[in-house]
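Engineer: Right, I'll just put the structure down here and ask away after.
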Amino acid sequence: MKKPSIVHIQQMLKDQAYISDDTIGMSIYLAMQLSKPLLVEGPAGVGKTEIAKVMAKALNTRLIRLQCYEGLDSTHAIYEWNYQHQLLYLKMSENEQSALEELESHIFSDKFLLQRPLLEAITQKKPPVLLIDEIDRADEEFESFLLEVLSDWQITIPELGTIKATSVPYIILTGNRTRELSEALRRRCLYLWIDYPEFEKELSIVKTKVPQIDTKLGAQVCRFMQQLRELNLDKTPGISETIDWAFALANMHLSHLDKEVVESTLGVVLKDWEDIRHAKDSLSELLEKTGVSSRIL
Amino acid sequence: MAIGQLPQQTELSGNIVLLCRFLRHHGFRLGPTEASDALTALSLIPISNPRMIQQGLRVVLSRNKDQYERFVDLYNEFWERMKRDNQSKRKLNDMHESSRKKIGQEPEPSLQMLKKWLYSEGETQEEVAGYSRMEVLSKKDFNKMDEDELRLIMRLIQKMVRLLTHQQSRLRKATKLMHTLDVKRTVRLGMRRTGDIQRFIFSEPKNKRLKILLLCDVSKSMELYSRFFIYLIYAFQQSYDKITTHVFSTAMHDVSKLLANYDFGQAFELIAERIPHWSGGTRIGQCFHQFLMTNPRSMDKKTLVMILSDGWDTGEPALLKESMSIIHKSCRKVIWLNPLAGHPNYRPEVTGIQTALPYIDHMVAAHNLESLRQVLVGLRGSFRSYKAKAKIKGISSA
């Protein structure tokens, strides 16, 4: 397959309603051209996972997702032998008196191999997008498993031998920096850091995702969020929270923000009671900075 | 045309290699692979657009957030310097060598102090003198801490924490290591499936992971040490997930999240900014009482309580006694790290310590690394397995 040019990719992101800056387009382009995984880091809710989803949609290919968690091991990520199936097969062939080697080579064949996301991703005909989500949640041992796949595009199964990739998948790794990733893994990837968006970018994202929103309200929401992120919060809200909030407010058919509305809907944006308390304490100041005057009755 | 392009390309590739070298001197870990990646990337980017080149190189050459953010400045600096001197290669090299020498000559003061503290094993007198110099250092110096050095302490504390908190349970769990056969489970699995033994199951002792509750005194009397304890608690918090840190002087504050989520300089500033009682008076009893009231479930028999304080208390001894007895009853061990206890003439005569002493399992000195190692040695008798004891011995003698 011919790999798309950079202009192409930027257009493709735009078509999928993913508002990005040039850097994101460039990273995706280089990752595809150099056939290297792209490691995307950034705070929660800035659209890291979304990149992979958009890519899969735009390239019209499968998205294979591997959600990492503590204790994730190779049987869940790479492959597993279908033990019950093998056992049944052995029982069934008990009377056939076939040679031991033959039997062995048969039960350790593709037929009894359960493919897990990583193996599945490299054995596709059309290169899929492989999303390895929240890689920093997985244990360090798991990273070592990944190295073989990421650099050589192959997986070694002791009973079967080495399986080479039929197509090289586009790999996106995401992380929240909950744990420092190993240098070996970083070396194999291209790196992209996505931060909270600037006001203009956030506004255009809101306008694209929630088209029914009042222009003034949209701008107010984004400005409020920008101010909110300045506070020292435990869980700083991301873009997804902005979109949720904008969606909620738009569906309430509001045309502007006021103190009461903000107070009653703050739970959409902040998910921690201490944060909510903190935000409520400094709400007047926040609204003043946002340019919303408190309603005078 | 091809001939005309050739020297230009070599120059570009030479420049890229130089850029890599320049970045390497600024802490980027780049090898020939990265340089060749950068060159390949350049061939894919429209060369006429300098912004795109910068973005592309940034994606290829940076490895983490810090590098990603510093890249643009370094990149611009590099090209400016390249412009400035015509004999770019030689001059750049000279520049780096001289800057390297400079770093070698005048290392950062905070770093040196920390190193000194870490490796100091000499007389206590000297160390006390070290502390007063430590105090003179401003906040800013702490921010300048070299990441590698911090990582070094981290690794050390990590080792300690692992030894402290990983305990062998009498329960066993399945393992792939073929050391001990678990007969029960092997037979049971066989019975459940076909009636004969198909697969051996091996087992090993389960690890219990203890929680740690750190209570750190930041009152006036501790001022000499508290900043310095911040290093310690920062390293603790970063190296273990089941750890909660509170600092106290006249009131208690939970700083776990601040320590866990920010880099060192930020965390330090935020803590100093958020905690109004920094370097205030000490009311240990009242603080502990308040802590127990607001966090009644913070301790259980799997919690190791570590108190970092000198024991100077201006509050009610009765309240301290009561709180300490509750803490003692509800946790696994109480370890008191006392910076004064390192002094050879030290006697626990302060009222605070006198009151608390019956409820402390281990009173240990915490004034240098050696004393911290003693924490491990002191604990090993009471709750380590035989194997782990040998390990600790290795560490403490190292």
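Engineer: For chain A, take the longest principal axis of its alpha carbons; what is the angle in degrees between that and the long axis of helix A:239-251, to the nearest 10 within 0 to 90?
Structural biologist: Tilt relative to chain A: about 60 degrees.
Engineer: So for the pair A:GLU96, A:HIS253, with labels modelled 7 Å out along Cα→Cβ, what separation do we get in nm?
Structural biologist: 7.1 nm
Engineer: Please give the Cα centre distance for the stretch A:196-252 versus the stretch B:258-335, rounded to the nearest Å.
Structural biologist: Each part's Cα centre sits 40 Å from the other's.
Engineer: Quick check on my link table: of A:LYS209/A:LYS280; A:LYS126/B:LYS65; A:LYS271/B:LYS329; A:LYS53/A:LYS125; A:LYS209/A:LYS271, which ones sit more than 25 Å apart, alpha carbon to alpha carbon?
Structural biologist: In this structure, A:LYS209/A:LYS280; A:LYS126/B:LYS65; A:LYS271/B:LYS329 lie more than 25 Å apart at Cα.
Engineer: Between A:SER5 and A:LEU160, how many nm apart are label points set 7 Å from Cα along the C-beta direction?
Structural biologist: Calculated label separation equals 4.0 nm.
Engineer: While we're looking at this one, here's another question. Would you work out which of A:GLY291, A:GLN226, A:GLN67 lies farthest towards the positive end of the dipole of chain A? Charges go on Cβ: Lys and Arg +1, Asp and Glu -1.
Structural biologist: A:GLY291
Engineer: How shielded is A:188-197 by partner chains, expressed as the average number of their Cβ atoms within 10 Å of its Cβ atoms?
Structural biologist: That average works out to 4.
Engineer: Eigenvalues of the Cα gyration tensor times 5, then square-rooted: what semi-axes does that give for chain A, in whole angstrom, largest first?
Structural biologist: Working through the eigenvalues yields semi-axes of 47, 21, 17 Å.
Engineer: For chain A, what does the helix formula give at 222 nm: sum of -39500 (n - 2.57) over DSSP H segments with n ≥ 4, over the residue count, nearest 500 deg cm²/dmol?
Structural biologist: The helix contribution divided over chain A gives -14500 deg cm²/dmol.
Engineer: At a 10 Å Cβ-Cβ cut-off, how would you order B:VAL161, A:VAL262, fewest neighbours first?
Structural biologist: The most exposed by this proxy come first: B:VAL161, A:VAL262.
Engineer: State the Kirkwood hydrodynamic radius of the stretch A:199-285 in Å, one decimal place, computed from all pairs of distinct Cα atoms.
Structural biologist: Evaluated over the stretch A:199-285, this radius sits at 12.8 Å.
Engineer: Can you give me the C-alpha center-to-center distance between the stretch A:76-142 and the stretch B:10-70, rounded to a whole angstrom?
Structural biologist: One Cα centre to the other: 40 Å.
Engineer: A further question on this structure: Can you give the Rg to Rh ratio of the stretch B:210-367, both from alpha-carbon atoms, with Rh computed by the Kirkwood formula?
Structural biologist: 0.93
Engineer: If you don't mind, there's one more thing I want to ask. Within 10 Å, count the other beta carbons around each residue, average over each peptide in A:233-239, A:90-96, and list them highest first.
Structural biologist: So the order, starting with the most tightly packed, is A:233-239, A:90-96.
Engineer: Still on this model: Quick one: among A:ASP22, A:ASP244, A:ASP195, which has the greatest mean-square fluctuation in a GNM of chain A with alpha-carbon springs under 10 angstrom?
Structural biologist: Comparing A:ASP22, A:ASP244, A:ASP195 in the GNM, the peak value goes to A:ASP22.
Engineer: Residue by residue through A:12-24, how many Cβ atoms from other chains fall within 10 Å of the Cβ on average?
Structural biologist: Across the residues of A:12-24, the mean count of other-chain Cβ atoms within 10 Å is 1.
Engineer: Provide the descending list of Cα extents for the stretch B:169-208 along its principal axes, expressed in whole angstroms.
Structural biologist: 34, 16, 11
Engineer: Could you give the semi-axes, largest first, of the ellipsoid that matches the stretch A:49-165, computed as the square roots of 5 times the alpha carbon gyration tensor eigenvalues and rounded to whole Å?
Structural biologist: 32, 16, 13
Engineer: Further question on the same structure: Averaged across B:46-58, how many Cβ atoms of other chains sit within 10 Å of each residue's Cβ atom?
Structural biologist: For peptide B:46-58, the averaged partner shielding equals 3.
Engineer: Still on this model: Which value, in Å to one decimal place, does the Kirkwood hydrodynamic radius take for the stretch A:1-90 when every pair of different Cα atoms is included?
Structural biologist: Hydrodynamic radius (Kirkwood, Cα pairs) of the stretch A:1-90 is 15.7 Å.
Engineer: Once you've got the GNM for chain A with C-alpha springs shorter than 10 Å, pick whichever of A:ILE171, A:ILE122, A:ILE107 has the biggest mean-square fluctuation.
Structural biologist: For chain A, modelled as a Gaussian network with Cα springs under 10 Å, the answer is A:ILE107.
Engineer: Same structure again: Taking 0.36 nm per intervening residue step and subtracting the Cα-Cα distance, what contour gain separates B:ARG162 from B:ARG185 on full extension?
Structural biologist: Computed gain between B:ARG162 and B:ARG185 is 5.3 nm.
Computed from the coordinates by the stated procedures, all read-outs in this text should not be read as laboratory data. Predicted model only: the values in this text are computed from it and were never measured. FYI the Cβ positions are ideal-geometry reconstructions off the backbone, even for glycines, and counts take in every protein chain you see.
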